[in-house]
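Notes for the one structure printed next.
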Amino acid sequence: MLTDEERRRDFPVLDGMIYLNTAAEGIPPLCVGEALQSYWRDKQRGMKGREAHFARLEECRKTAARALRLSASEVSFCSCSAEAYNLLASALDLRESDEVVISNLDFPSGATPWLCARTGLKVNLWKAREGALILEDLIALLNQKTQLVQVSLVSFYNGFRLAWRPFIKSVRKYAPNALVSVDVTQALGRVVLDCSDADCIVSSTHKWILGTHGGCIVGIPERSAQRLTARAGGWFHIENAFEPDRFERVIRKAGAASFSVGMPNFAAIYALTSSLRYLEALSIEKIDAYTQPLVDLIHDGLVALGIKPMAPHDPANRSGIVSFQHPQSGAIHGVLEDANIHVMHHTGRIRIAVHGYNRPGEIKVFLETLGKARQRLAGPASR
């Protein structure tokens, strides 16, 4: 994927470290730091710097649109996925008689706005079985009252990747009034997206797309723009924000543009433009092809150690994440950290994430260290 020289040039921090935690925090290439310096130089120009800020914003919009396979007018930005989903909730304006479907493999940002709704709408939970979301379980939850189905293309929890085509066809058939929102935070930048026909696409910017905090990409196709126009106050998303009638009525921009309610976080926009262009030059297709064997190596290595991964391993639907549970996960994590191997540990679960800057040799060292840690602890792996 990257030559040794390119990796040292673009990711010097990875020298001497095995980083398998991109699902939590991506390591930005040095060009992203240079983009932040460019923002700083433009900011130092005061008001005159805004011309460069807004030019970069439009450049980022076009670059992000290519990544989502949408048009530039269908893409906008806010500060984080939590903000995006709360704005989505305002756009839907759901009533008590309405129903929403969420899954227990989703990140809290995509699930909690509906649970916090004041109207007491019905929230149906699509529960995973053996680490996978089964389509027949979803179909049983869908009906004419379903207004939204919220999913993650790749689960942050266990790396399960939704089979998009059967999923979207089922929702359109059994819940004809429903909008579909998909969080691609754990997919964009790592796998080839196949979900451009969703009604709302959301992605954080600090993980697989190797940007910084403080940003979120929102994609809303034109066909869904009128139904998904945020009702929040602000100014950047309002057509008549400074017109004579501004204290009498609000005219909102429709669709994705309505999710940018205030001044953009230009620092995050500069960083995102650079990181997306870097990944685009590498090619997501090539990143996916390169990393899939590494994911296979992890999965097969865990199985050889007697550890059952938390999600089924479907060669046609792999992601960059493999998770497993262990009763002594904290101790195992400590051993890995001592060896300068970085993975995610949380409540009995260890999550490994593989991106294009990882190496086959790193996977082998990880598996060897994990095997030695388990032998030392003499604790059987749990399912």
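Please treat every number below as a calculation from the coordinates, not as lab data. A quick note: this is a predicted structure, and the numbers were derived from the prediction, not measured. Virtual Cβ from ideal backbone geometry, glycine too; neighbours counted across all protein chains shown.
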Compactness index (Cα Rg / 2.2 N^0.38 Å), region 31-280: 1.03
Can you give the three extents of the C-alpha atoms in region 59-138 along their principal axes, from longest to shortest, in whole Å? 40, 33, 19
Let a ≥ b ≥ c be the square roots of the eigenvalues of the Cα gyration tensor of region 115-179; is it rounded (a/c under 1.5), or, if not, prolate (a/b larger than b/c) or oblate? oblate
So what's the back-of-envelope 222 nm ellipticity for the chain, counting only DSSP H runs of four-plus at -39500 (n - 2.57) apiece and dividing by all residues, rounded to 500? -11500 deg cm²/dmol
Sorted from largest down, give the three principal axis spans of the alpha carbons of region 119-233, whole angstrom values. 41, 39, 27
Taking Cα atoms, how many degrees apart are the long axis of helix 329-338 and the longest axis of the chain, rounded to 10 and kept between 0 and 90? 80 degrees
Tell me, what is the percent relative contact order of region 31-280, built from C-alpha pairs under 8 Å that lie six or more residues apart? 26 percent
Relative contact order, percent, of region 299-359 when contacts are C-alpha pairs under 8 Å separated by at least 6 residues? 30 percent
If the reach is capped at under 24 angstrom between alpha carbons, list the lysines near K253, excluding any in the same chain fewer than eight residues apart. K62
Classify region 301-383: rounded, prolate or oblate, from the alpha-carbon gyration tensor (a ≥ b ≥ c, eigenvalue square roots; a/c under 1.5 rounded; otherwise prolate if a/b is larger than b/c)? oblate
Extension gain (nm, one decimal) between A331 and L30, 0.36 nm per residue minus Cα-Cα: 105.0 nm
Counting DSSP beta bridges with both partners in region 127-235, what percentage is antiparallel, nearest 5? 45 percent
Using alpha carbons only, how many angstrom separate the centre of region 220-253 from the centre of region 152-184? 28 Å
When we measure straight from the Cα of K173, which lysines land under 21 angstrom away, once same-chain ones fewer than 8 places off are left out? K122, K127, K145
Segment D314-R359, extension gain: residue separation times 0.36 nm, minus the distance between their alpha carbons: 14.0 nm
Euclidean distance of C-alpha centroids, region 327-383 and region 1-45, integer Å: 24 Å
Farthest towards the positive end of the dipole of the chain, among L30, L2, A178 and with Cβ unit charges of +1 on Lys and Arg and -1 on Asp and Glu, lies the Cα of A178
